[in-house]
Amino acid sequence: MARPPTAAQRRVIDAADPVTGRLKGTEAQLEALVKRGLAFRHPRPPHDHFLTPTGHRMRESVPEEPERSAEQAADPATGVFAAHVGGTQEAADTGPARAREVHSAWQGLLELRRMTNPDGATGRPCGWERAHLVQAAALALEAAGHPPEARGSSGYRVRATPQPEAVAVHAPDGEALRTCASTLEGAGWQVGEYTEPRTRARYLLASPRRV
């Protein structure tokens, strides 16, 4: 890129929705970002503006702490939403404000599916979810009202696996595991139940469905 964005443009980029990349700003600011290849205007009404892949990389290039693993929630001070993946030593935030954030994030993810899946389908995971498997699965579970495991309280726990495009989902008992499986299947994931060889504990292996 020939020139870095102006401070005002950078603020617009930084304020983009972390999931969908939806932008808010003046028409001049948005058009300037389009000309730089950092944003695009959606062809469907209401013709909102969204970050391009280059714009997303620009947004993520802000100097900060070293990147944290997908299993770790984002620092609340950054204002970046991250779904509860479970297994934390801190109590999970389940208040009204958190519920609104989760609902907004889930609706944003459905919109991202609509925009980026070739057929506009919202019942099938999109590319962002395949690149953020743990967060995507955790968001589907949290948005459906499942409690995450946190500071001694039982709930779901989502972890990465060595298998490509697959996450492991653990739950405190068989019933909870089955309800998690039902939620993920309804959100467009393929789910199978397996037994951990050493502990004999049951868990789910979930992958985003392609068709």
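Among the residues of segment 1-24, those identified as touching a residue at least 24 places away in the same chain (Cβ under 8 Å) and in contact with a helix residue (DSSP H, G or I) (Cβ under 7 Å, 6 or more places away or on another chain) are P5, Q9, I13, D14, A16, D17, V19, T20, G21, L23.
Has segment 58-69 got any residue that is surrounded by 16 or more Cβ atoms within 10 Å (Cβ to Cβ) and modelled with pLDDT of 75 or more? Checked against the condition, which is being surrounded by 16 or more Cβ atoms within 10 Å (Cβ to Cβ) and modelled with pLDDT of 75 or more, segment 58-69 yields at least one hit. Picking from residues in segment 153-211 that are touching a helix residue (DSSP H, G or I) at 6+ places or on another chain (Cβ under 8 Å) and of a type in the set (K, R), the one that is nearest to R124 (Cα to Cα) is R159.
Among the candidates E101, E129, single out the residue that is under 24 Å from P43 (Cβ atoms) and among the acidic types (D, E). Break it down into steps so the answer makes sense when it comes.
Numbers: E101 fails: under 24 Å from P43 (Cβ atoms).
The unique qualifying residue is E129.
Of all the criteria given as (1) aromatic (F, W, Y); (2) closer than 19 Å to S104 by Cα; (3) in contact with a Cys (Cβ under 6 Å, 6 or more places away or on another chain), the one not satisfied by Y156 is (2). Could you list all residues from segment 13-31 that are closer than 11 Å to G55 by Cα and open to solvent by less than 50 Å² (accessible area, probe 1.4 Å)? Passing the criteria: I13, A16, G21, L23.
Among residues of segment 137-183 being at positive phi and free of Cβ contacts under 8 Å to residues at least 12 places away in the same chain, the one that is least open to solvent (accessible area, probe 1.4 Å) is G145. If you go through segment 1-28 and keep only what is within 24 Å of T116 (Cα to Cα), in contact with a Leu (Cβ under 9 Å, 6 or more places away or on another chain) and assigned to a helix (DSSP H, G or I), you end up with V12, I13. Run A206 past the list (1) surrounded by 21 or more Cβ atoms within 10 Å (Cβ to Cβ); (2) more than 22 Å from A99 (Cα to Cα); (3) over 18 Å from the mean Cα position of the chain (by Cα) and report the number of the one that doesn't hold. Only one criterion in (1) surrounded by 21 or more Cβ atoms within 10 Å (Cβ to Cβ); (2) more than 22 Å from A99 (Cα to Cα); (3) over 18 Å from the mean Cα position of the chain (by Cα) is unmet by A206, namely (3). Within segment 103-132, the only residue that satisfies the criterion of being of a type in the set (A, V, I, L, M), open to solvent by 30 Å² or more (accessible area, probe 1.4 Å), farther than 19 Å from S182 by Cβ and in contact (Cβ under 8 Å) with a residue 12 or more places away in the chain is M115.
The values are calculated or read from the model by the stated rules, or taken from the named source; none is laboratory data. Not measured: the values here are computed from a predicted model. Every residue, glycine among them, receives a Cβ derived from its backbone with ideal geometry; neighbour counts consider all protein chains shown. Only protein heavy atoms, including side chains, enter the accessible area calculation; ligands, DNA and RNA are left aside. Shrake-Rupley method; radii C 1.70, N 1.55, O 1.52, S 1.80 Å.
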